[in-house]
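Throughout, read-outs are computed from the coordinates displayed, never taken from laboratory work. Fair warning: this is a prediction, and the values are worked out from it, not measured in the lab. Don't worry about glycine lacking a Cβ; one is built from the backbone with ideal geometry, like all the others, and counts go over all protein chains shown.
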Amino acid sequence: MASEEELRAYLRRAAAELHRTRQRLAAHSEPVVVLGGGCRFPGGVTSPEDLWELVREERETVSPPPAERGWDPEPGLAGGFLTGITDFDPAFFGLGAREGALLDPQQRLLLETSWEALTRSGLDPPALHGSRTAVFVGLTYSDFYDQWRTRVPEADLNALATGSSMSLAAGRLSYTYGFRGPAVTVDTACSSGLVALHQAVSALRNGECDLALVSAAAVLSSPDMFGFSRRQGVLSPDGRCRSFSAGADGWGLAEGAATLVLQRLSDHERGALPALAVVRGSAVNQVGAGPGLTAPTTVSQRQVMEAALASAGLTAADVDLVEGHGTGTALGDAVEVRAVAAAYGAHRPPGSPVLLGSLKSNIGHTQMPGGLGGVLKAALAMRHGLAPRSLHAEAPLAEVDLTSANVRLLDTARPWPEREEGPRRAAVSSFGLSGTNAHVILEQPPPEVAGRRGGRPVPRYRRARHWPVQSPNPQDGTS
């Protein structure tokens, strides 16, 4: 029979173990702060502030391919393009001129937006050398390599291969900054960026890193993706995404890049860094066996939304707005609206619909960074108290009765819904052609945190033309 002292010792151990268990459970649901971000999107967007002005002013960015691409496009080909992809400052990032010329523009943009995201977050990149900073990058393809591998000297092939390798993209960022945390490239097609964010949140909560960069990029170095999308039957004839609209006729392909900097809330409160948003919860799942390998399903999308809400410890009524995937395909949009209705609309008070819109209606389908662009848009919408208009939505899709679904399509800009208590909250969806779905729940930071601002100078790059072939020649795509 145990003595009284042995019983006391046992109770002390049990209490300590219970305390440790509670700490572990709390850590696995700890909110994560988005300190800041950097981005490039069509329409001359070079910062999150530029992106906000674009959506606030209800602009769209459809254009023909820039002449610098040297393409010979068919009449009417249009999309959301970046300009100046041949220009770069390799020396700024410790690269030689030839190495920079052979670096995929997607990886150039990862370097630029990551540096800008860090400085906008109030951090000094060189001071992070040796830190437990993780990197999660969303990338899916490199048509830059395919375009140039038979056209550069043999001596350049290794540099071209490493400069285009998706598996090396995350490692390149860690190498450039001297980070020691995990470095992982994620490829789930269109959902890669938001899946990368989910993995970064998990890594922070598990104590695998102290800071995390989440990046994604897509640059159309050739017109091949237009041909693929057309063969899939999902390419918009005029390059526009008519998200959730009765006129939806396919996605408008676009380019972009974005990087976010993440930190645990418990670490953030000890410092004086800024905060763009708080990630309350996130989830990733898969369609699995269904109507087709690339076909979306309402069930899987509803389930990932419900899982993210559970991860956040929130209910559907706690979220005011859903920044939708909204590619502008009739099938995909109807599937998504039904999922939003089932996960959000059905669990809200009657007459209090969840708001729904999509950044793709402004800038097109930027593919891998699209989810991160949605995070930036939603975070800034919460900050400014405005739910921006989703373009082309005057006549909503007919497949779902939005009124009975308790979903309101943002056919006009609206003030953010007033709440009796609690912060503003938004959700962001991203669904991959791979069948991998991601959903993230964001929250407006507390006033004492949101009021902080990063202030380090944005770098002044000395950009010049750095391309595999330097002589302009419209016939070989190098002009």
For the chain, what does -39500 (n - 2.57) per DSSP helix run (n ≥ 4), summed and divided by total residues, give at 222 nm, in deg cm²/dmol to the nearest 500? -10000 deg cm²/dmol
Segment 261-294 and segment 147-178: distance between their alpha carbon centers, rounded to Å: 29
From phi via Karplus (6.51, -1.76, 1.60), per-residue ³J(HN,Hα) for segment 218-235 in Hz, x at Gly/Pro: 8, 10, 8, 6, 8, x, 4, 5, 5, x, 4, 5, 5, 5, 6, x, 10, 8
By the mean-Cβ-within-10 Å protection proxy, highest first, 315-325, 367-377, 211-221 rank as 367-377, 211-221, 315-325
Rounded to two decimals, the Debye log10 I(q)/I(0) of the chain (Cα scatterers, no solvent) at q = 0.10, 0.12 Å⁻¹ is -0.71, -1.01
Does a label point 7 Å from the Cα of Ala317, set along Cα-to-beta-carbon, have any residues of segment 341-370 with amide nitrogen under 15 Å, and which are they? 344-354
Tell me the label-point distance for the pair Asp124, Ser3, using the 7 Å Cα-to-Cβ offset, in nm and rounded to one decimal. 5.8
Set the Förster distance to 35 Å, then compute FRET efficiency between Tyr175 and Thr403 from the Cβ-Cβ distance, nearest 0.05. 0.05
For segment 261-366 the mean separation of alpha carbon contacts under 8 Å (6+ apart) over residue count, i.e. relative contact order in percent, is 26
What's the magnitude of the charge dipole for the chain around its Cα centre, counting Lys and Arg as +1 and Asp and Glu as -1 at the beta-carbon? Answer in Debye, nearest 20. 840
Using only alpha carbon pairs under 8 Å that are at least six residues apart, calculate the relative contact order of segment 32-450 and give it in whole percent. 22
Explain nothing, just compute: Karplus ³J(HN,Hα) = 6.51 cos²θ - 1.76 cosθ + 1.60, θ = phi - 60°, for every residue of segment 325-339 in order, whole Hz, x for Gly and Pro. 5, x, 6, x, 9, 4, 5, x, 5, 5, 4, 5, 5, 4, 5
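Normalised by the residues of segment 167-300, what does the relative contact order come to in percent, with Cα pairs under 8 Å and at least six apart?
20
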For segment 226-320, size of Cβ-based charge dipole, Lys and Arg +1, Asp and Glu -1, in debye: 240
Residues whose modelled amide H sits under 5 Å from the amide H of His325, counting only those 5 or more places away in sequence or on another chain, are Ser429
Förster-model FRET efficiency, 35 Å R0, Ala310 and Ser222, C-beta, rounded to 0.05: 0.25
Take the alpha carbon atoms of segment 24-84, find their center, do the same for segment 317-396, and report the distance between the two centers in whole angstrom. 16
For the chain, with the dipole built from +1 on Lys and Arg beta-carbon atoms and -1 on Asp and Glu ones, taken about the Cα centre, which of Val152, Leu211, Leu194 lies farthest toward the positive end? Leu211
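Roughly what % of DSSP beta bridges within the chain run antiparallel, to the nearest 5?
65
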Inter-probe distance in nm under a simple model that places probes 7 Å from Cα toward Cβ, at Phe92 and Ala289: 5.2
What nm value, rounded to one decimal, do you get for the distance between Arg460 and Ala155 when each label is placed 7 Å out toward the C-beta? 3.5
Which ³J(HN,Hα) values, rounded to whole Hz and listed in residue order, are derived for segment 200-207 from phi using the Karplus coefficients 6.51, -1.76 and 1.60 in 6.51 cos²θ - 1.76 cosθ + 1.60 with θ = phi - 60°, glycine and proline given as x? 5, 4, 4, 5, 5, 5, 7, x
